[in-house]
1. Quick one: Karplus J couplings for the range 121-133, per residue in order, coefficients 6.51, -1.76, 1.60, θ = phi - 60°, nearest Hz, x for Gly and Pro?
2. Can you say what percent of the DSSP beta bridges in the range 215-424, counting only those with both residues inside, are antiparallel? Round to 5.
3. I need the per residue convex hull volume for the range 215-424, using only the alpha carbons, in cubic angstrom as a whole number.
4. Excluding Val336 itself, calculate the net charge of residues whose Cβ lies under 13 Å from the Cβ of Val336, where each Lys or Arg counts +1 and each Asp or Glu counts -1.
5. Do the alpha carbons of any pairs in Lys211/Lys264; Lys246/Lys373; Lys211/Lys253; Lys253/Lys396; Lys211/Lys311; Lys304/Lys373 sit beyond 22 Å of each other, and which pairs?
6. Counting only protein heavy atoms and a 1.4 Å probe, tell me what percentage of the range 215-424's accessible area is made up of carbon and sulfur.
7. Taking a probe of 1.4 Å, how large is the accessible area per residue of the range 215-424, in Å²?
8. Hey, what do the phi angles of the range 221-231 turn into as Karplus ³J(HN,Hα) couplings, whole Hz, using 6.51/-1.76/1.60 and θ = phi - 60°, x for Gly and Pro?
Amino acid sequence: LILVGGFVQLLAGFLAFRKYDHLGGAAFLTFSALWSSYGATRIIAAAYPSLENTTLPSRNASHLLPASMDPLSASHSAGLLTTKSAGAISGHLVNIGAGNGEGFTAGSVAFLVLNAFLMVLASSFNLVLLCTTLAMELLTICFLLFTLDKLPLPLEIVMLIVFSIICFYGATASLANSMFGKDLMMMGPPLFTAESSKKDTEDPPPCLCPKSHCTSGLRTIADLLNTGAVCGVPTDTVYALAASCKHPQAIEKVYRIKDRPQEKPICIFISNLDQLRAAAPPISPLLWEFMENVYPGGIGCIIKKGEWLKKLGVGAGYSRVGTQDSIMIRVPDLTVLVHLIDMTGPLAITSANPSGEVDSTHHDMVISRLGHKLEGVLCDGESDEVVASTVVNCTKIDESGITIVREGCIPAGKVMQIFESIKNR
């Protein structure tokens, strides 16, 4: 029975650790070890009665049992004693007594100090854990009294009963509550709670920060962009600043937010290649095939600029994106961003970092670095990449092939391999 109790406490300890209750888990594992040790000791004592008879003094656990009980029943009833009796019987088996118990006494005192610290911690968790550690403290004192042969029998019996009830209830409650995820059995409130000097609530973010997995969050950012705001958005590479191509003043604001030099052009993102086909740009079959093989993904293609961009939905921002002669277009491989573009039309995009600094790979970086200058940030956690996209110049793809302008998340060698395989078909 004691071994079963030790197993139950072991299981409760592991479940407590899985719920990140490290103190409760450590306490139950410690008590499980003590219970299991006692159970093993009783098995040894029952298997080798001669060892117990030759080493045990006359004062042992048998004085708790009626004289009329047969040996088997007596052994079974003695097995019902808990950790205190474990210390008593184990002490006799290793010949611990008043004359040579200095080492045991020193260890008990050390455990008293450690358990006192656990009591302080347990008082901030729940009442059951506090009572368990308190009972362990009293039992350790009983161990010390036992080594001096000064342990009163009534105190021994009371402490064994109290400790057994507390441990069985605590283990059962922890096991039941952890298995079902509900407080089916009360563990009691903490004796005290530490008051934090910090504010109960964190400072609000400097801008709207909706979650990307929520439809309402996506609508919030789309509404902001459609009214001319600048927002931080996730992409399939790193986080970016986005502005609607319908609002040239928003694109100008992007330059100011980043301190970006005016000579550096801003690219546009579209949601799919069919949008580009509908605009009917003057693109050669080779370029079409190349874009079909790299879109969607982390490659941006620079192509010749023209009035067809207005059919694409660029609108008033025509002169603010790209250069006079060319424009970089990319189709992202990120569902959230594709849905956002479907709601807003083409977006002017550039990386969400002050010019010359490292890219932002988490929405927290965007908020902390640029949040006070933005109207919103679409929060999507860690970015898929740590570097920006690869930029390929395709303006002379039919005459001299492609040129790698910037190597990013897609290696230049892989891009050239794709192009050569298409060209040689």
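1. 5, 5, 5, 9, 9, 7, 5, 5, 5, 5, 5, 5, 5
2. Values: 19 of 27 bridges.
That works out to approximately 70 percent antiparallel.
3. On the way: hull volume 22.6 nm³, N = 210.
Taking only Cα atoms, the range 215-424 has a hull volume of 107 Å³ per residue.
4. On the way: positive: Lys211, Arg219; negative: Asp236, Asp333, Asp342, Asp380, Asp384.
With Lys, Arg at +1 and Asp, Glu at -1, the net is -3.
5. Values: Lys211/Lys264 31 Å; Lys246/Lys373 20 Å; Lys211/Lys253 24 Å; Lys253/Lys396 32 Å; Lys211/Lys311 32 Å; Lys304/Lys373 33 Å.
With Cα atoms farther than 22 Å apart: Lys211/Lys264; Lys211/Lys253; Lys253/Lys396; Lys211/Lys311; Lys304/Lys373.
6. Details: 4360 of 8870 Å².
Answer for the range 215-424 is 49 percent, counting heavy atoms of protein chains only.
7. On the way: 8870 Å² over 210 residues.
Value for the range 215-424: 42 Å² per residue.
8. 5, 4, 5, 5, 5, 6, 9, x, 8, 10, 10
The values are calculated or read from the model by the stated rules, or taken from the named source; none is laboratory data. What you are looking at is a predicted structure, and each value in this text was computed from that prediction instead of being measured. FYI the Cβ positions are ideal-geometry reconstructions off the backbone, even for glycines, and counts take in every protein chain you see. Ligands, DNA and RNA are stripped out before the accessible areas are found, and what is left, the full protein with its side chains, is counted by its heavy atoms. Shrake-Rupley method; radii C 1.70, N 1.55, O 1.52, S 1.80 Å.
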